[in-house]
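Here the structure comes first, spelled out in structure tokens, and everything after it is commentary.
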Amino acid sequence: KKGDYVLTENIVIYPDIKTTIEKGTKFKLKKNISVLIQGDLYAEGTENENIYVIRYEKEDPFGTFAIIGKNKTSKVKLNNFTIEGGSEATIEGMVFLGQLSIHNSETLIINSKIIGSTSDDGANIRNSYVEIFNTTFLNNKFDQLDLDFCNGKIFNNIFKANKNLEIKNNDERNFNGDGIDLSGSNIIIRDNKISNFKDKGLSVGEKSKALIVQNYFDNNEIAIAIKD
């Protein structure tokens, strides 16, 4: 139901249960706290009433917000959904590498924001069909979007890093990763803006196939890398 919630312990939804989050709902997660949904998820906000998943304390990232099709492919729809300030976690013996982690799904993400993670990936999606439209990926610490063994479409999104973020211990080696990182995936990538990455704007690797049309790359160390 719509409302403000402070989560102080993990929430795990059992397999095959459909979860709906009403517009205008806000979850504030305390340090290392995670949510795992093992079925369908419909989180559909509006322009004026976003759904938020954010950290409770500014300096304390939460764990992960994860969806997995445990017994069958999950259906996931995120619309006007904002997630910020998460990291990664192991829940129920499963490792999730993004603040937003989605496995074994049919996923649609539109008009959303995925920002400010401290994990390997702002969003990590695996073994899924995915469509992402009109969504902003901003200032996630390493890769903004990591697609592993996925098929789908990435249209009209913004991928942007802040090159001036503080670097601790003078170690720049993986501080700022890729805008989009593909592994074993077949993706149409069209009309996106990808900028400010110290590594690659778009990395096409590990037997991926990408159709790359009318994207705008600016101020990246490498615009597009095709590897492995």
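Please work out the C-alpha center-to-center distance from the stretch 58-94 to the stretch 197-228 and express it in whole Å.
What the calculation gives is 25 Å, centre to centre.
What percent do you get for the relative contact order of the chain when only Cα pairs under 8 Å and 6+ apart count?
11 percent
Of the beta bridges DSSP finds with both residues in the chain, what % are antiparallel, to the nearest 5?
Values: 4 of 96 bridges.
Beta bridges within the chain, antiparallel portion: roughly 5 percent.
Rounded, prolate or oblate: pick one for the stretch 19-109, where a ≥ b ≥ c are the square roots of the eigenvalues of its C-alpha gyration tensor, a/c under 1.5 means rounded, and failing that, prolate if a/b is larger than b/c, else oblate. Intermediate results must be reported in sequence, preceding the final value.
On the way: a/c = 2.21, a/b = 1.04, b/c = 2.12.
Oblate, because a/c is 1.5 or more while a/b does not exceed b/c.
Checking the table LYS70/LYS227; LYS141/LYS227; LYS2/LYS77; LYS113/LYS207; LYS2/LYS113; LYS31/LYS193 against a 27 Å threshold on Cα-Cα, which pairs fail?
As for pairs spanning more than 27 Å Cα to Cα, those are LYS70/LYS227; LYS113/LYS207; LYS31/LYS193.
Using only Cα atoms, what Kirkwood radius does the chain have, in angstroms? Spell out each step's value before the answer.
Values: mean 1/r = 0.0577 Å⁻¹.
Its Kirkwood hydrodynamic radius stands at 17.3 Å.
Cα convex hull of the stretch 59-124: mean projected area in nm², to one decimal?
4.4 nm²
Under 8 Å for C-alpha pairs, at least 6 residues apart: give me the relative contact order for the stretch 1-115, rounded to a whole percent.
24 percent
Return the distance in nm (one decimal) between the two label points of a simple spin-label model at ASN71 and THR20, each offset 7 Å from Cα along Cα→Cβ.
Rounded to a tenth, the inter-label distance reads 2.1 nm.
What is the stretch 54-94 by shape, rounded, prolate or oblate, if you read a ≥ b ≥ c off the alpha carbon gyration tensor as root eigenvalues and call it rounded for a/c under 1.5, prolate for a/b larger than b/c, and oblate otherwise? Write out the running numbers ahead of the final one.
On the way: a/c = 5.07, a/b = 1.43, b/c = 3.56.
Oblate shape, in that a/c is at least 1.5 and b/c is the bigger or equal ratio.
Mind ordering 45-51, 94-100 by average Cβ neighbours within 10 Å, highest first?
Ranking, from highest mean packing down: 94-100, 45-51.
Values quoted throughout were computed directly from the atomic coordinates according to the rules given, and no laboratory measurement underlies them. These figures come from a predicted structure and were not determined experimentally. Please note: Cβ atoms are built from the backbone with ideal geometry, for glycine as well, and neighbour counts cover all protein chains shown.
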